[in-house]
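Computed from the coordinates by the stated procedures, all read-outs in this text should not be read as laboratory data. Predicted model only: the values in this text are computed from it and were never measured.
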Amino acid sequence: MRPRGTAGAAAGLLLALAAADCTGGEDGAVPRRSPASTAESRPATERPGAESPRTSPPPAPSPADPVSIAGLAAREHTGSGLRLGSVLARTSAYTRYAVTYQANGLTISGVMNVPEGDGPFPALVLAHGYIDPDVYVTGQGMPREQDLLARNGHVVLHVDYRNHAGSDKDPDNDVNLRLGYTEDVIGAAMALRSAGRPEIDGDRIGLLGRSMGGGVVYNTLVVAPGLFDAAVVYAPVSARPEENLDHFQRRSGDPVVAEIEARHGTPDSDPEFWRQLSPLTHADRLTEPLLIHHGTADGTCPLRWSREAAAAFRAAGKDVELRTYEGEGHTFGSRWRESMEVTMAHFDRHLR
């Protein structure tokens, strides 16, 4: 096991998160290694440059912008108080509970599937895609994944995020580029680890996100390296926040775009701020093995976004694999079960 905890910040790291997606589609059983499922995995190593012994020490870094990766990484994150509430469903394989926990002083709601049988079980935190908070209900998003992963012997904690369902409100979250969702996911892992419940193995925790939740995963991995043991993303948004702002929010006429740019500047007026908001700028902070799934016919999040992210992480010498699925759209249909077999094998390899 790697050492745990949220790493200290490197100066100048900055981040954002953008929106897209909710999940859906039908699953189907397909052989796991069909020719149309392509693995694009070539981990690279980076050769460190030689340092001159006469080089002067670098200047002291400026204080980190709190709306940044550096600001989040420098923060002492807290996650605790996992409480199981009412039973929402019982199946032969698991029991589904309403839950709450504390993350950096906020109460966050969610649902948790607990497998039947003797624990402790490895745990997974799920980060859902974009669903309008005004219509979102607790546990919404990724129902297929929640069910199958619990049946495969994982405690599954699906995070509602702040401003969703029964979670506390954070009025600045949207104008601050939804970085609070990253805090909520970090807090979920810490709450699982500190819960002291016999069914939860706090030393084995993975992370899975879809679409916007894939962006939350990227952010979490570079803000808190070492917190999770492995990660998977499906059809993630761009790792460049200005692309997400243009592709989703500006195109839809979202009024928060003007507020964001009034507070933080535009990509044209302050390109360095926006560049530093990308987790790819800080790909060297990644420590977890990362698996990316993306369909070639995704009309919501272009495949090129995942190819760029995978290439950047590989260039930093990281363990990343991109699997592409010919003809699959954003939510995955007939190839979903195949992709989940690969996902479960990834978690089994790194969490068991």
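Annotations
- Under-5 Å amide H pairs with HIS77, H placed in peptide plane, nonlocal only: none
- Vicinal HN-Hα couplings computed from phi for segment 112-127 (Karplus, 6.51 cos²θ - 1.76 cosθ + 1.60; Hz; Gly/Pro x): 9, 9, 10, x, 6, x, 7, x, x, 9, x, 10, 10, 9, 10, 10
- Calculated from backbone phi, Karplus (6.51, -1.76, 1.60) coupling profile of segment 257-268 in Hz, x at Gly/Pro: 4, 4, 5, 4, 6, 5, 7, 10, x, 8, x, 7
- Taking amide hydrogens as placed 1.01 Å from N in the peptide plane, the amide H of ARG210 sits under 5 Å from those of ALA127, GLY129, TYR234, each at least 5 positions away in sequence or on another chain.
- Amide H partners (placed H, <5 Å) of THR100, local residues excluded: ARG83, GLY85
- Value of relative contact order over segment 286-340, rounded to a whole percent, pairs C-alpha under 8 Å and six or more apart: 47 percent
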